[in-house]
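Shown next, in structure tokens, is the structure this report addresses.
The values are calculated or read from the model by the stated rules, or taken from the named source; none is laboratory data. Predicted, not measured: the structure shown is a model, and the values here were computed from it. Backbone-built Cβ (ideal geometry, glycine too); neighbour counts: all protein chains shown. When the accessible area is computed, the model is the full protein with side chains, heavy atoms only, and any ligands, DNA or RNA have been set aside. Shrake-Rupley method; radii C 1.70, N 1.55, O 1.52, S 1.80 Å.
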Amino acid sequence: MAIDKFGKRLTALRESRKLSQLQLSLLVGCHSTYISKLENDETVDRLPSLQMFERLCDALGCKPEELLQ
């Protein structure tokens, strides 16, 4: 997976679950601006930490490979 596609995939999965950025942020325990930055590839590392990645998968009800496609 190209790093520049992570944000688009995160957005697509979040929207398919009918979650707002705020709702997802509350589920994973971060600020909604962090979700926005992830979706727009504006974070320093451009990818979340492993712990946050696992939380995102849990909150979205997806397998890690689904988020990395």
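So what is the accessible area of the chain per residue, in Å², with the probe set to 1.4 Å? Don't jump to the answer; show the numbers that get you there.
Numbers: 4310 Å² over 69 residues.
Accessible area per residue: 62 Å².
Dipole of the chain, Cα-centred, from +1 at each Lys and Arg C-beta and -1 at each Asp and Glu C-beta, to the nearest 20 debye? Kindly include the intermediate steps, with their values, before the conclusion.
On the way: 10 positive and 10 negative charges, 37 e Å.
Here the size comes out at about 180 debye.
Any chance you could check the Cα centroid distance between the stretch 5-20 and the stretch 33-56 for me, in angstrom?
Between the Cα centre of the stretch 5-20 and that of the stretch 33-56, the gap is 12 Å.
Taking Cα pairs under 8 Å and at least six residues apart, what relative contact order does the chain come out at, in percent? If you can, show how the numbers build up before the last one.
On the way: 62 pairs, mean separation 27.5, N = 69.
Computed over the chain, the figure is 40 percent.
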